[in-house]
Amino acid sequence: MAGGPALFSTAGAAPVQPAAEIPFYHETSNECALFTAAYREGLPLLLKGPTGCGKTRFVAHMAARLGRKLHTVSCHDDLTAADLTGRYLLQEGETKWLDGPLTRAVREGGICYLDEIVEARKDVTVVLHPLTDDRRILPLERTGEFLQAPDEFMLIVSYNPGYQNILKSLKPSTRQRFVSISFDFPAPDIETRIVATESGLAEQQCRALVDLAQRIRALKDIDLEEVVSTRLLIYCATLLKNGFDPYQAAQATLIEPLCDDDDVKQGLLSLVRATFG
């Protein structure tokens, strides 16, 4: 488990969760201390990094360590500001206001995590702006409320810079509102320990998987939108632990999820053969 610094204790703060209830996360730099400082000072946090490198697990780990309820939203093209803040709905013949996940997190003093924020519609980032400066307020135009975020509330967003383009990017004026942590895949020895811990497979076998992932990630002449993530390595190791041979496991977790092109898949399969013989 991450060997970050001891968490602070303040009057009225939620108790730190027992270690057995905290999701496993292996710290790779000083990200746990940075998260803790941002939380303590009421600073919003931006996480950048490739798919499957541990951003979501990191947030879950830190939320549990801090004893805060986590509200996670997977952003998409149709996500609107109303989906986050709330809307009026007809229930049992009456029109009632229903809080969205962002509003609930503000009211409860929880952590709101917006995963892949660049996938959401542009009006979403506008709603976030008052929460990401010294005001720390959430205006609810439809109810006339101005919610003041309590000290325990924290806003976190993430995205994958590898997908950035002209149409889907986070404006510099928005990025500058956040403390930012850049993630990447762990160093081989750390990634080996993570895969072994999460899957239960022996470290020696996990090291071979990590070596294979390193070879795939280093490819320059194969067109892959994504490379092998730590998450996929854990899936592969789990299949190996369940008795699948390396070729079947790699085919199902490291090749088929990455591409549909038969020539590319054959190229990846040759790397599997070179790794496992």
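No value in this document is a laboratory result; all are computed from the given coordinates. Every value quoted in this text rests on a predicted model; they were computed, and no experiment measured them. Cβ: placed from backbone, ideal geometry, glycine included. Neighbour counts: every protein chain shown.
So the values come out like this:
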{"quantity": "Extended-chain gain in nm, criterion 0.36 nm per residue less alpha-carbon gap, Phe244 and Glu226", "calculated": "4.0 nm"}
{"quantity": "Karplus-derived 3J(HN,Hα), 6.51/-1.76/1.60, for each residue of segment 41-51, Hz, glycine and proline x", "calculated": "9, x, 9, x, 10, 10, 10, 10, x, x, 4"}
{"quantity": "Stretchable slack from Leu219 to Lys69, in nm (0.36 nm times residue separation minus alpha-carbon distance)", "calculated": "49.9 nm"}
{"quantity": "Hull volume in cubic angstrom per residue (convex hull over the Cα atoms of the chain)", "calculated": "170 Å³"}
{"quantity": "Calculated P(r) tail over 25 Å for segment 19-182, as whole % of Cα pairs", "calculated": "30 percent"}
{"quantity": "Net charge of neighbours whose Cβ lies under 14 Å from the Cβ of Thr51, counting Lys and Arg as +1 and Asp and Glu as -1", "calculated": "-1"}
{"quantity": "Reciprocal mean inverse distance between Cα atoms of segment 230-276 - Kirkwood radius, Å", "calculated": "10.7 Å"}
{"quantity": "Estimated FRET transfer efficiency (Asp151, Lys96; beta-carbon r; R0 30 Å; 0.05)", "calculated": "0.55"}
{"quantity": "Charge dipole magnitude, Cβ of K and R +1, D and E -1 - the chain, Cα centre, debye nearest 20", "calculated": "640 debye"}
{"quantity": "Relative contact order of segment 188-276, defined on C-alpha pairs under 8 angstrom at six or more residues apart (%)", "calculated": "31 percent"}
{"quantity": "Whole-Hz couplings from phi, Karplus 6.51/-1.76/1.60, listed for segment 252-269; x for Gly and Pro", "calculated": "7, 10, 10, 10, 4, x, 8, 7, 10, 6, 4, 5, 5, 5, 5, x, 5, 5"}
{"quantity": "Under Karplus coefficients 6.51, -1.76 and 1.60, residue-wise ³J(HN,Hα) of segment 183-190 in Hz, glycine/proline x", "calculated": "10, 8, 5, x, 4, x, 5, 5"}
{"quantity": "Distance histogram for segment 188-276 (every C-alpha pair counted, 5 angstrom bins, percent rounded to whole numbers)", "calculated": "3, 16, 29, 27, 17, 7, 2"}
{"quantity": "Efficiency of FRET from Cβ geometry, Asp211 and Gln176, R₀ 41 Å, rounded to 0.05", "calculated": "0.55"}
{"quantity": "Segment 19-182: Lys pairs at Cα distance under 16 angstrom, eight or more positions apart or on different chains", "calculated": "4"}
{"quantity": "Glu141-Glu203 pseudo-label distance in nm [points 7 Å out on the Cα-to-Cβ vector]", "calculated": "5.6 nm"}
{"quantity": "Under 5 Å, built H, 5+ apart or other chain: amide partners of Ala120", "calculated": "His76"}
